[in-house]
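> Questions regarding the structure given below will be posed in turn.
The values are calculated or read from the model by the stated rules, or taken from the named source; none is laboratory data. Keep in mind that what you see is a predicted model, and the values were worked out from it rather than measured. All Cβ positions, glycine included, derive from the backbone under ideal geometry; neighbour counts span all protein chains shown. Note: accessible area is taken over every heavy atom of the protein model, side chains too, but ligands, DNA and RNA are not part of it. Shrake-Rupley method; radii C 1.70, N 1.55, O 1.52, S 1.80 Å.
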Amino acid sequence: SMRVYDALRTDGVDAGRRAVSMIVGRDTSVLDAAGVTRAAVETIAENTSDGVIAPMLYTAIGGPVLGFVYKAVNTMDSMLGYVEPVVNFIPARISAYLMIAAAFIGGRQFDAKNAYSIFKRDRFNHASPNSAQTESVCAGALRVQLAGDAVYFGKLVKKKYIGDGLREIEYEDIKRANRLMYITAFLCELLS
C-alpha cells in the first residue's frame, strides 16, 4: 500500500492506478486519485484482519502448522471468492474490536467514537460476511467513505457504501490506515 501512496504523491494518478492494480481485483483504469486511495485503504483494512490478525491468532492457538493451514485456506478463499467465510468469522470480529481499541489509543488522527458507530451500522455492508468488519472501523476512524460501486472486468458492480464521508479521502489516509493496522497488530500481540 505504501507503493500506492508513493506513486500518488510523487508521480500522480496514473502511477497510483498501476500500483494499486497490484493489490486489488477491480478495474483501476477508471479510478481517480480518490478511488485509488479508497481501494488502497480498503485493502489495508481488510488485510488487517485476514492478513495480519487472523494468522497471528491461528498461530498463537496452534503454532506454525495451524498458521500455515489458515494462510492456505485464506489464499484459496481470496482466489475463489469468499467460499470459506467460517475460518475468518471470529478473527474478523476480534480484529474489528482490536481496531476500535487501536483508534482509541491512536490519538487525534483517529475518531474512535465514529469508528465504533460506523462499525455497528455498516459491518455487514459487503458481499463477504467478514470484510466489512474492519473496513467499517477504518472508515469510521478516518471519517471517510469506503466501498461503493466498482468496475470488475468491464462490468459495474453495485456495492453498498461503508462510512459517512465526513471529509474527502486523501492519499495521506493510506499512511493513517497503515498506522491503524500497526497499532491493531501490536494490541493483538499483547493479547496472544
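> So what is log10(I(q)/I(0)) for the chain at q = 0.09, 0.11, 0.16, 0.19 1/Å, when the Debye sum runs over its Cα atoms only?
Cα-only, vacuum Debye calculation for the chain: -0.30, -0.45, -0.98, -1.35.
> Follow-up question, since we're still on this one. Tell me which residues come under 5 Å, amide H to amide H, from V151 once H is placed; ignore anything under 5 positions away on its chain.
So V151 has HN proximity to D27, V157.
> Now for a separate question. I need the helices of the chain that pass two filters: whole DSSP H segments spanning 20 Å or more by Cα along the axis, and mean Kyte-Doolittle score no lower than 0.0.
Numbers: long enough: 33-47 (21 Å, 0.34); 54-80 (26 Å, 0.83); 86-105 (30 Å, 1.75); 172-191 (29 Å, 0.30).
Membrane-span-like by this criterion, though nothing is claimed about a membrane: 33-47, 54-80, 86-105, 172-191.
> Under 17 Å between alpha carbons, and skipping anything fewer than 8 positions from K155 in its own chain: which aspartates and glutamates qualify?
Within the straight-line cut-off, K155 pairs with D27.
> Send over a whole-number figure in Å² for the accessible area per residue of the chain, probe 1.4 Å. Spell out each step's value before the answer.
Values: 9740 Å² over 192 residues.
So the chain comes to 51 Å² accessible per residue, rounded to a whole number.
> For the range 1-53 and the range 102-134, what is the separation of their Cα centres, given in Å?
Computed from Cα coordinates, the inter-centre distance equals 19 Å.
> Output the peptides 14-21, 39-46, 58-65 sorted from most to least packed, where packing is the average of other Cβ atoms within 10 Å over each peptide's residues.
Values: 14-21: 20.1, 39-46: 25.6, 58-65: 13.2.
Packing order, densest peptide first, comes out as 39-46, 14-21, 58-65.
> Give me the one-decimal Kirkwood hydrodynamic radius in Å for the range 100-192, with the sum taken over alpha-carbon pairs. Let's see the in-between values first.
Values: mean 1/r = 0.0736 Å⁻¹.
Every distinct Cα pair counted, the radius reaches 13.6 Å.
> What is the set of long-range amide H partners of Y161 at a cut-off below 5 Å, with H atoms built 1.01 Å from backbone N?
Under 5 Å from the amide H of Y161 lie the amide H atoms of G148, each far enough along the sequence or on another chain.
> What is the magnitude of the charge dipole of the chain about its Cα centre, with +1 placed on the Cβ of each Lys and Arg, -1 on the Cβ of each Asp and Glu, and no other charges, expressed in debye to the nearest 20?
Details: 22 positive and 20 negative charges, 63 e Å.
Approximately 300 debye in magnitude.
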